[in-house]
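First comes the structure, then the notes that go with it.
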Amino acid sequence: MKSLGFIVNPIAGMGGAVGLKGTDGKVVLKKALTLGAKPIAPIKAELFLSELKPLKGRFNLVTCASSMGEDEARNCSYSPTVLGNRKDETSAEDTKAYARRIRSCGVDLIVFCGGDGTARDVLDAVEYDIPVLGVPTGVKMHSAVFAVDPQAAAKITIRFLWEELPLRESEVMDVDEEAYRQGRLSAKLYGYMLTPYEPYLIQNAKMASPMTEIEMRNQAAIAIFIIEEMEPDTIYIIGPGTTTRTIGDLLEEKKALLGVDIFCNKKIIAGDVNERQIINRIENNAKIIVTPIGGQGFIFGRGNLQISPAVIRQVGLENIIVVATKQKLKGLKCLRVDTGDSSLDDSLRGYIKVVTDYREEHMMRVE
């Protein structure tokens with residue numbers, strides 16, 4: 001009988017849609033709740049567990065009390081081995097303590113649901129002692145320990161437990177959240193954990209775009225084309241990134257590097273907005289402009305949770321514009337989506353045009 005450890009950080013990702021770029025600390029969590037943040041991790045945790053249900057009788061699920069795994073498991077009709085006692089509030093120390101207890105149970109694999117902060121907590125607890133896999137549910141997911149989405153995490157888990165996937169050392173990265181909120185990306189390598197290796201289903205660590213003269217010229221050419229094509233009285237919801245920021249630079253508008261801004265008639269009308277602010281601004285004519293994350297290829301679901309499924313559906317799939325430099329696209333096999341809405345993700349998959357230069361487009365597959 002195989003044994004699977006399972007940990008959920010129930011607050012992971014709650015700061016994303018409300019524009020807080022993370023949920024580390026009680027003060028930030030309180031602010032997120034005040035802004036109307038909704039839980040994300042439990043939904044994705046249950047999606048992961050649902051994908052494993054056909055094999056439910058072939059493994060023992062060891063998890064944590066209440067919202068850190070037990071509730072999600074029981075909602076999916078599992079009868080797990082539960083560690084600890086129920087509590088209303090959870091913390092990073094709970095994650096570390098549970099990871100140590102699960103490790104001592106001799107499980108074959110620990111799966112955790114969270115972001116980079118949760119990955120750091122698990123790293124502190126288990127280091128190299130046991131293989132680990134992340135289900136991406138956070139705001140910041142720069143680490144290479146995550147599957148590309150909950151379904152992929154389930155596939156990796158099944159293949160590792162019963163088909164013996166190899167292991168690799170995967171980076172655990174995290175950023176300074178406060179600096180991130182102020183528009184500064186300060187990433188740090190904290191260590192490595194052993195993860196099952198399935199290159200198509202595991203995300204790479206986030207890669208920054210090299211700021212060479214060629215890259216900057218390419219970004220400027222893309223921005224000029226986008227600006228020329230902007231329609232009057234149309235709302236443009238422009239996501240984070242250096243390529244999208246160049247649009248603001250050429251319009252002499254201060255666009256947030258790591259946030260989402262709303263433009264209309266080539267002016268910022270709302271800066272660094274959250275999901276609610278976007279929905280309140282959307283009128284009949286609206287478009288979304290995003291750029292994929294370097295090394296990972298995500299156009300939705302990483303770093304731009306403010307552009308939520310509700311926003312995407314209201315704007316319409318036909319009004320999504322993807323931009324990327326040739327160098328960034330060269331390093332990607334495909335584009336990816338992980339919005340948390342499975343039906344929307346399925347609708348987004350297929351081929352999409354990517355603006356790669358002035359009046360140049362490239363067809364890219366979305367998976």
Within region 351-367, restricting to residues that are within 20 Å of Gly301 (Cβ to Cβ) and of a type outside the set (D, E, K, R), the one that is surrounded by the most Cβ atoms within 10 Å (Cβ to Cβ) is Val354
Within region 84-93, the residues that are within 18 Å of Ala73 (Cα to Cα) and among the charged types (D, E, K, R) are Arg86, Lys87, Asp88
For residues that are in contact (Cβ under 8 Å) with a residue 40 or more places away in the chain and either crowded, with 24+ Cβ neighbours inside 10 Å or within 17 Å of the chain's Cα centre (by Cα) (or both), tally how many sit in region 290-321.
19
Region 81-125, subset among the acidic types (Asp, Glu) and buried (at least 18 other Cβ atoms within 10 Å of the Cβ), residue nearest to Gln151 (Cα to Cα)
Asp116
Collect the residues in region 322-353 that are touching a residue at least 60 places away in the same chain (Cβ under 8 Å) and among the polar types (S, T, N, Q), keeping them in residue-number order.
Thr325, Gln327, Ser342
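For Gly303, are the conditions met, namely being at positive phi, in contact with a Pro (Cβ under 6 Å, 6 or more places away or on another chain) and modelled with pLDDT under 95?
yes
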Somewhere in region 328-350, is a residue surrounded by fewer than 17 Cβ atoms within 10 Å (Cβ to Cβ), assigned to a strand (DSSP E or B) and at pLDDT 95 or above?
yes
In region 279-307, the residues that are of a type outside the set (Lys, Arg) and over 29 Å from Met216 (Cα atoms)
Ile279, Asn280, Ile282, Glu283, Asn284, Asn285
Among the residues of region 240-247, are any surrounded by 22 or more Cβ atoms within 10 Å (Cβ to Cβ), assigned to a strand (DSSP E or B) and in contact (Cβ under 8 Å) with a residue 24 or more places away in the chain?
no
Going through Tyr128, Tyr78 one at a time, which residue ends up being in a loop (DSSP other than H, G, I, E, B) and within 24 Å of Ala144 (Cα to Cα)?
Tyr128
Of all residues in region 266-292, how many are assigned to a loop (DSSP other than H, G, I, E, B) and either under 16 Å from Gly13 (Cβ atoms) or among the aromatic types (Phe, Trp, Tyr) (or both)?
1
Top-ranked residue in region 13-63 [being over 23 Å from Asn304 (Cβ atoms) and touching a Leu at 6+ places or on another chain (Cβ under 6 Å); ranked as surrounded by the most Cβ atoms within 10 Å (Cβ to Cβ)]:
Leu61
Could you go through region 150-163 and let me know if any residue there is under 16 Å from the mean Cα position of the chain (by Cα), surrounded by 21 or more Cβ atoms within 10 Å (Cβ to Cβ) and not in a helix (DSSP H, G or I).
no
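The values are calculated or read from the model by the stated rules, or taken from the named source; none is laboratory data. As the structure is a computational prediction, the values presented were derived from the model and not from experiment. Note that each Cβ is placed from the backbone with ideal geometry, even for glycine, and that neighbours are counted across all protein chains shown.
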